[in-house]
């Protein structure tokens, strides 16, 4: 099914309100990467902030949990699983010797509602605990299952393990004929855990329109093109407030994280609104009484502010009218979204310095990863390999090339030098980069992966035959799933 494109006014939404939402988000320092707004199943606004684009799949974080919930719904519908199945029945070979009463009572329902009884979360990737399922079951179940919310990605991964046990299929293998093929979602993949099971708590890769199709399916309670693929009762439960998110094991400071939790979906502050939610502002928001869906991809550590902008500016623009008079603001909005770009640095050229370093090779004095891994991005989980030996710059009228000479060939990042990102492909991924001279000895650039929430900021300082390279993540936070921290390299001209 091709999603129809229409103007906002033709489906009862004021274009001015959408513009206000974008202005508000940008004025509050929020970095939008893409958005789609749908009403009555029609796309009335869409945009990608360059170098992000509609063709590139994006690494998904906890938004993936909504897909896992849906897979469990299908498994329950087909009788492969039940909400009341106990972990002790699903994983008898992984149980500790003396299981607690709380562990013995824990069910699939408790995993879905993030209330299995854990007070803390295990590290699924702990190399000292290769059997993560056994580690999960051996972790203390402090609370009676179903009584205490604790956000638990490992618990969602356990749902995928249960699916594999009962069906013999991994998450995306199972969802392909049931969900992805009917919805027209193609070329998708999901990261695997150390034991080969697909990760259900994060790690999928979806395009923005893939997200929109899925959340539209959710908003229609399992119906697609007139066919009820998954029973509506599942989504009644999945989107309902099943458990309070205010608990001893959960630090819920922000309003939209205090409204309750369903089956891997969050309730929101406005009435009749719920969402699928991923780190840095990955949202699939359902306005239940408005027949409206909002999709957002972002790079923001202040996720609450992004939702607040939607409640303040966008929600009031969604009227109860079927249509509104056409407005010239629809054209303004369309042009605004067509020209959208994440805020680049103002470029400046230095012909003398460029001539001095043109083509000169600088050798690293320590082992450095290949260019793809060097740029990185938040949770780019498939290293490309390679060891960098040297780098050099090649300058042209509108761009520069940063060439990494590696043990497995040469790899090039194209850098825009006119205050706009230049897009290029590297290792099968799309990137964008922009650079400028800050002084006659210092050149800086930002490069981001269009499939991740962030990228790399690099500052090159030239002193004769010496080069100092400082790098840091473009993200405002560090640790956890955020990108690699600040590092300083020393290079010498060959």
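The values are calculated or read from the model by the stated rules, or taken from the named source; none is laboratory data. Computed from a prediction, not measured in an experiment: that's the story for all the values here. Neighbour counts run over all protein chains shown; Cβ positions are idealised from the backbone, glycine included.
Scan segment 179-199 for residues that are at pLDDT 95 or above and either touching a helix residue (DSSP H, G or I) at 6+ places or on another chain (Cβ under 8 Å) or outside the structural domain of residue 112 (by TED's automatic domain parsing) (or both) and report the count.
Total meeting the criteria: 6.
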- Query: Which number in (1) modelled with pLDDT of 95 or more; (2) farther than 18 Å from residue 275 by Cα marks the one condition that residue 31 misses?
  - Reply: (1)
- Select from segment 179-191 the residues that are within 30 Å of residue 130 (Cα to Cα) and either free of Cβ contacts under 8 Å to residues at least 12 places away in the same chain or more than 20 Å from the chain's Cα centre (by Cα) (or both) and list them in ascending order. none
- Which of the residues that make up segment 277-294 are outside any strand (DSSP E or B) and either at pLDDT below 95 or surrounded by 22 or more Cβ atoms within 10 Å (Cβ to Cβ) (or both)? 279, 280, 281
- Query: Out of all the residues in segment 26-49, is one or more surrounded by fewer than 24 Cβ atoms within 10 Å (Cβ to Cβ), assigned by TED's automatic domain parsing to the domain that holds residue 172 and in a helix (DSSP H, G or I)?
  - Reply: yes
- For residues that are touching a residue at least 24 places away in the same chain (Cβ under 8 Å), under 14 Å from residue 263 (Cα atoms) and assigned to a loop (DSSP other than H, G, I, E, B), tally how many sit in segment 213-239. 1
- Note on the structure: Residue count, segment 211-237, condition under 20 Å from residue 185 (Cβ atoms) and in contact with a strand residue (DSSP E or B) (Cβ under 9 Å, 6 or more places away or on another chain), comes to 13
- Looking across segment 405-433 at residues that are out of contact with any strand residue (DSSP E or B) (no Cβ under 6 Å at 6 or more places or on another chain) and not in a strand (DSSP E or B), the single one that is modelled with the lowest pLDDT is 427
